[in-house]
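> Pasting a structure here, questions to come.
The values are calculated or read from the model by the stated rules, or taken from the named source; none is laboratory data. Bear in mind the structure is a predicted one, so any value in this text is a computation, not a measurement. Here Cβ is always computed from backbone atoms with ideal geometry, including for glycine, and neighbour counts include all displayed protein chains. We work out accessible area using only protein heavy atoms, side chains counted, and drop any ligands, DNA or RNA first. Shrake-Rupley method; radii C 1.70, N 1.55, O 1.52, S 1.80 Å.
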Amino acid sequence: FENTAGVSVLWDLNKVLLTVGYDHYNFVATDSQFDYLDRNAEILTGSISVAATNTVNIGAEGSAVFTYYDQHVLNDSLDASGGGFIEVQVSNYLRVRGAGGYQSINFDNNGLIPDQHDLSDYYANILISHRINALLSQSLSAGHESQLGVDSNYITLNYIRHTITWNIIRNTLLTTEFFYEDAADSGGFINERFQRVGAAGTVGYQLTPHITLGLRYQ
(Lines give C-alpha, C1' and ligand atoms only; values in the text may rest on other atoms or scores of the structure.)
Protein backbone atom coordinates (compact mmCIF):
# COMPACT_ATOMS: atom_id res chain seq x y z
CA PHE A 1 0.00 0.00 0.00
CA GLU A 2 1.39 3.37 -1.01
CA ASN A 3 0.05 6.83 -0.24
CA THR A 4 1.38 10.29 -1.04
CA ALA A 5 -0.23 13.40 0.46
CA GLY A 6 1.01 16.96 0.31
CA VAL A 7 0.72 20.43 -1.12
CA SER A 8 2.18 22.22 -4.12
CA VAL A 9 2.16 25.86 -5.18
CA LEU A 10 2.50 27.15 -8.75
CA TRP A 11 3.26 30.84 -9.33
CA ASP A 12 2.56 31.96 -12.89
CA LEU A 13 4.60 35.05 -13.82
CA ASN A 14 3.61 34.93 -17.49
CA LYS A 15 6.98 34.01 -19.02
CA VAL A 16 8.17 32.31 -15.83
CA LEU A 17 6.59 29.46 -13.84
CA LEU A 18 7.74 28.73 -10.28
CA THR A 19 6.66 25.50 -8.57
CA VAL A 20 7.41 24.24 -5.05
CA GLY A 21 5.94 21.26 -3.26
CA TYR A 22 6.04 19.10 -0.14
CA ASP A 23 4.74 15.54 0.17
CA HIS A 24 4.64 12.89 2.87
CA TYR A 25 4.94 9.33 1.54
CA ASN A 26 3.96 6.03 3.22
CA PHE A 27 4.79 2.50 2.08
CA VAL A 28 3.21 -0.50 3.84
CA ALA A 29 3.90 -4.05 2.63
CA THR A 30 0.82 -6.27 2.28
CA ASP A 31 2.91 -9.44 2.78
CA SER A 32 4.59 -9.94 6.17
CA GLN A 33 7.85 -11.20 4.64
CA PHE A 34 8.35 -7.72 3.20
CA ASP A 35 7.60 -5.80 6.40
CA TYR A 36 11.21 -4.63 6.45
CA LEU A 37 10.34 -2.37 3.48
CA ASP A 38 7.74 -0.38 5.47
CA ARG A 39 8.87 3.25 5.39
CA ASN A 40 8.01 6.93 5.37
CA ALA A 41 9.52 9.74 3.35
CA GLU A 42 9.49 13.53 3.36
CA ILE A 43 9.71 14.94 -0.18
CA LEU A 44 10.61 18.50 -1.21
CA THR A 45 10.52 19.53 -4.88
CA GLY A 46 10.97 22.74 -6.81
CA SER A 47 11.35 23.97 -10.37
CA ILE A 48 11.55 27.14 -12.43
CA SER A 49 10.53 27.22 -16.09
CA VAL A 50 11.16 30.08 -18.53
CA ALA A 51 9.41 30.48 -21.88
CA ALA A 52 12.34 31.03 -24.24
CA THR A 53 9.98 31.14 -27.24
CA ASN A 54 6.32 30.35 -27.87
CA THR A 55 7.23 26.67 -28.32
CA VAL A 56 10.33 26.20 -26.12
CA ASN A 57 10.57 26.18 -22.31
CA ILE A 58 13.84 25.80 -20.43
CA GLY A 59 14.32 25.49 -16.71
CA ALA A 60 15.91 24.03 -13.62
CA GLU A 61 14.58 21.42 -11.19
CA GLY A 62 15.58 19.97 -7.85
CA SER A 63 14.37 17.64 -5.11
CA ALA A 64 15.29 16.31 -1.68
CA VAL A 65 13.85 13.09 -0.22
CA PHE A 66 14.49 11.87 3.33
CA THR A 67 13.48 8.20 3.74
CA TYR A 68 13.29 6.39 7.09
CA TYR A 69 12.31 2.74 7.67
CA ASP A 70 10.18 1.26 10.46
CA GLN A 71 12.66 -1.60 10.87
CA HIS A 72 16.45 -1.22 10.79
CA VAL A 73 17.15 -3.69 7.99
CA LEU A 74 17.64 -1.23 5.14
CA ASN A 75 19.46 2.05 5.68
CA ASP A 76 17.75 5.42 6.06
CA SER A 77 18.79 7.87 3.37
CA LEU A 78 18.80 11.40 1.99
CA ASP A 79 18.32 11.62 -1.78
CA ALA A 80 19.12 14.97 -3.42
CA SER A 81 19.04 15.79 -7.11
CA GLY A 82 19.24 18.85 -9.31
CA GLY A 83 19.49 19.63 -12.97
CA GLY A 84 17.95 21.29 -15.99
CA PHE A 85 15.31 20.52 -18.58
CA ILE A 86 14.01 21.67 -21.94
CA GLU A 87 10.51 21.23 -23.38
CA VAL A 88 9.80 21.71 -27.09
CA GLN A 89 6.36 21.78 -28.72
CA VAL A 90 7.47 20.54 -32.14
CA SER A 91 3.94 20.64 -33.58
CA ASN A 92 0.33 20.46 -32.43
CA TYR A 93 0.75 16.69 -32.24
CA LEU A 94 4.36 16.24 -31.09
CA ARG A 95 6.05 17.32 -27.85
CA VAL A 96 9.57 16.51 -26.59
CA ARG A 97 10.98 16.91 -23.07
CA GLY A 98 14.57 16.21 -22.04
CA ALA A 99 16.13 16.51 -18.59
CA GLY A 100 19.43 15.74 -16.92
CA GLY A 101 21.44 16.49 -13.84
CA TYR A 102 23.20 15.13 -10.76
CA GLN A 103 21.82 12.75 -8.13
CA SER A 104 23.30 11.91 -4.74
CA ILE A 105 21.98 9.44 -2.13
CA ASN A 106 23.68 9.32 1.27
CA PHE A 107 22.83 6.43 3.59
CA ASP A 108 22.96 6.40 7.41
CA ASN A 109 24.30 2.80 7.54
CA ASN A 110 22.05 2.16 10.54
CA GLY A 111 20.56 -1.03 9.10
CA LEU A 112 21.49 -4.71 9.10
CA ILE A 113 22.04 -4.89 5.34
CA PRO A 114 25.72 -5.37 4.36
CA ASP A 115 25.77 -2.43 1.95
CA GLN A 116 27.54 0.84 2.75
CA HIS A 117 27.60 2.29 -0.76
CA ASP A 118 26.47 5.88 -1.30
CA LEU A 119 25.39 7.12 -4.72
CA SER A 120 26.98 9.89 -6.78
CA ASP A 121 25.73 9.70 -10.36
CA TYR A 122 23.95 11.53 -13.14
CA TYR A 123 20.32 11.21 -14.15
CA ALA A 124 18.93 11.77 -17.63
CA ASN A 125 15.62 11.17 -19.36
CA ILE A 126 13.75 12.01 -22.52
CA LEU A 127 10.01 11.85 -23.21
CA ILE A 128 8.42 12.06 -26.66
CA SER A 129 4.62 12.51 -26.69
CA HIS A 130 2.79 12.05 -29.99
CA ARG A 131 -0.92 12.38 -30.69
CA ILE A 132 -1.59 10.13 -33.68
CA ASN A 133 -5.27 11.02 -34.12
CA ALA A 134 -8.39 11.67 -32.06
CA LEU A 135 -8.44 8.04 -30.89
CA LEU A 136 -4.76 7.19 -30.38
CA SER A 137 -1.79 8.83 -28.69
CA GLN A 138 1.59 7.39 -27.79
CA SER A 139 4.68 8.22 -25.75
CA LEU A 140 8.25 6.95 -25.81
CA SER A 141 10.54 7.48 -22.84
CA ALA A 142 14.09 6.47 -22.01
CA GLY A 143 16.41 7.31 -19.18
CA HIS A 144 19.07 6.61 -16.58
CA GLU A 145 18.26 6.92 -12.87
CA SER A 146 18.79 5.40 -9.44
CA GLN A 147 16.15 4.13 -7.00
CA LEU A 148 16.10 2.69 -3.48
CA GLY A 149 16.72 -1.06 -3.50
CA VAL A 150 14.81 -4.01 -2.08
CA ASP A 151 17.87 -6.01 -0.93
CA SER A 152 20.48 -3.25 -1.35
CA ASN A 153 20.90 0.46 -0.73
CA TYR A 154 19.97 1.34 -4.31
CA ILE A 155 19.74 0.12 -7.89
CA THR A 156 20.98 1.97 -10.97
CA LEU A 157 18.50 1.65 -13.80
CA ASN A 158 18.46 2.21 -17.56
CA TYR A 159 15.04 1.95 -19.16
CA ILE A 160 12.98 2.45 -22.28
CA ARG A 161 9.16 2.47 -22.29
CA HIS A 162 6.50 2.80 -24.97
CA THR A 163 2.88 3.59 -24.06
CA ILE A 164 -0.24 3.83 -26.21
CA THR A 165 -3.46 5.49 -24.98
CA TRP A 166 -6.68 4.29 -26.63
CA ASN A 167 -9.54 6.83 -26.54
CA ILE A 168 -12.08 4.48 -28.05
CA ILE A 169 -14.72 4.28 -25.28
CA ARG A 170 -16.37 7.35 -23.79
CA ASN A 171 -15.15 8.25 -20.27
CA THR A 172 -12.87 5.19 -20.27
CA LEU A 173 -9.08 5.23 -20.16
CA LEU A 174 -7.22 2.36 -21.83
CA THR A 175 -3.43 2.19 -22.06
CA THR A 176 -0.94 -0.49 -23.06
CA GLU A 177 2.75 -0.33 -22.25
CA PHE A 178 5.91 -2.25 -23.15
CA PHE A 179 9.21 -1.73 -21.36
CA TYR A 180 12.82 -2.89 -21.07
CA GLU A 181 15.01 -2.32 -18.01
CA ASP A 182 18.68 -2.99 -17.31
CA ALA A 183 19.70 -2.52 -13.68
CA ALA A 184 22.34 -3.36 -11.09
CA ASP A 185 22.30 -3.51 -7.27
CA SER A 186 24.77 -1.48 -5.24
CA GLY A 187 25.50 -4.49 -3.00
CA GLY A 188 23.47 -5.97 -0.17
CA PHE A 189 22.39 -9.54 0.53
CA ILE A 190 22.09 -10.40 -3.19
CA ASN A 191 24.33 -8.35 -5.47
CA GLU A 192 22.64 -8.73 -8.83
CA ARG A 193 22.62 -7.30 -12.31
CA PHE A 194 19.36 -7.97 -14.08
CA GLN A 195 17.31 -7.25 -17.17
CA ARG A 196 13.52 -7.10 -17.32
CA VAL A 197 11.24 -7.12 -20.34
CA GLY A 198 7.56 -6.68 -19.73
CA ALA A 199 4.18 -5.24 -20.53
CA ALA A 200 1.44 -3.45 -18.65
CA GLY A 201 -2.19 -2.51 -19.17
CA THR A 202 -4.41 0.08 -17.51
CA VAL A 203 -8.16 0.53 -17.58
CA GLY A 204 -9.83 3.48 -15.90
CA TYR A 205 -13.26 5.05 -15.73
CA GLN A 206 -14.04 8.71 -15.10
CA LEU A 207 -16.64 8.65 -12.33
CA THR A 208 -16.91 12.45 -12.10
CA PRO A 209 -15.01 15.34 -13.73
CA HIS A 210 -12.53 15.15 -10.81
CA ILE A 211 -12.45 11.42 -9.91
CA THR A 212 -11.15 8.53 -12.01
CA LEU A 213 -11.05 4.92 -10.83
CA GLY A 214 -8.35 2.79 -12.44
CA LEU A 215 -6.84 -0.70 -12.46
CA ARG A 216 -3.32 -1.52 -13.69
CA TYR A 217 -1.65 -4.90 -14.23
CA GLN A 218 2.06 -5.23 -15.02
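> If we keep just the residues of the stretch 6-43 that are farther than 18 Å from residue 75 by Cα and under 16 Å from the mean Cα position of the chain (by Cα), which is most open to solvent (accessible area, probe 1.4 Å)?
Ranking the qualifying residues of the stretch 6-43, first place goes to 22.
Yes or no, residue by residue, for (1) over 30 Å from residue 186 (Cβ atoms); (2) of a type in the set (A, V, I, L, M):
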| residue | (1), (2) |
| --- | --- |
| 4 | no, no |
| 28 | no, yes |
| 54 | yes, no |
| 70 | no, no |
| 77 | no, no |
| 87 | yes, no |
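> Considering 194, 178, which residue is among the aromatic types (Phe, Trp, Tyr), out of contact with any Ser or Thr (no Cβ under 9 Å at 6 or more places or on another chain) and part of a strand (DSSP E or B)?
Just one listed residue meets the conditions, 194.
> State whether the residues of the stretch 108-120 include one that is in a strand (DSSP E or B), open to solvent by 80 Å² or more (accessible area, probe 1.4 Å), small (Gly, Ala, Ser) and closer than 22 Å to residue 157 by Cα.
Yes: one or more hits.
> Can you find a residue that is outside any strand (DSSP E or B), open to solvent by 70 Å² or more (accessible area, probe 1.4 Å) and modelled with pLDDT under 95 anywhere in the stretch 140-149?
no
> Next question, about the same structure. Within the stretch 121-135, how many residues turn out to be open to solvent by less than 60 Å² (accessible area, probe 1.4 Å) and more than 21 Å from residue 161 (Cβ to Cβ)?
0
> Scan the stretch 150-178 residue by residue and report those that are among the aromatic types (Phe, Trp, Tyr) and buried (at least 17 other Cβ atoms within 10 Å of the Cβ).
Within the stretch 150-178, just 154 meets the criteria.
> Could you list, ordered by first residue, the pairs with Cβ atoms under 9 Å in which the first is in the stretch 195-211 and on the phi < 0 side of the Ramachandran plot and open to solvent by 100 Å² or more (accessible area, probe 1.4 Å) and the second is at pLDDT 95 or above and of a type in the set (A, V, I, L, M, F, W, C), at least 6 apart or interchain?
Hits for this filter: 195/183; 196/179; 196/183; 197/178; 197/179.
> Quick check: is even one residue across the stretch 185-193 in contact with a His (Cβ under 7 Å, 6 or more places away or on another chain), closer than 22 Å to residue 123 by Cα and either acidic (Asp, Glu) or surrounded by 15 or more Cβ atoms within 10 Å (Cβ to Cβ) (or both)?
Among the residues of the stretch 185-193, at least one is in contact with a His (Cβ under 7 Å, 6 or more places away or on another chain), closer than 22 Å to residue 123 by Cα and either acidic (Asp, Glu) or surrounded by 15 or more Cβ atoms within 10 Å (Cβ to Cβ) (or both), which makes the answer yes.
> Go over the candidates 116, 89, 71, 33 one by one and state the one that is within 25 Å of residue 5 (Cα to Cα) and among the polar types (S, T, N, Q).
After applying the criteria, what remains is 71.
> Within the set of pairs 6+ apart or on separate chains, which have a first residue in the stretch 72-86 that is without any contact (Cβ under 8 Å) to a residue 40 or more places away in the chain and within 17 Å of residue 155 (Cβ to Cβ), a second that is assigned to a loop (DSSP other than H, G, I, E, B) and among the β-branched types (Val, Ile, Thr), and C-beta atoms under 8 Å apart?
none
> Residue pairs, Cβ under 9 Å, 6 or more apart or interchain, first in the stretch 145-164 and farther than 24 Å from residue 37 by Cα, second assigned to a loop (DSSP other than H, G, I, E, B). List them.
Partner pairs satisfying both residue conditions: 164/132.
> Report every pair of residues separated by at least 6 positions or lying on different chains whose Cβ atoms are under 8 Å apart, first residue within the stretch 102-127 and closer than 17 Å to residue 65 by Cα, second surrounded by fewer than 18 Cβ atoms within 10 Å (Cβ to Cβ) and at pLDDT below 95.
Qualifying pairs under 8 Å: 107/116; 107/117; 109/116.
> Now a separate question. Quick one: residue 66 ticks every box in (1) assigned to a strand (DSSP E or B); (2) over 20 Å from residue 155 (Cβ atoms); (3) open to solvent by 70 Å² or more (accessible area, probe 1.4 Å) bar one, so which box is it?
Every condition holds for residue 66 apart from (2).
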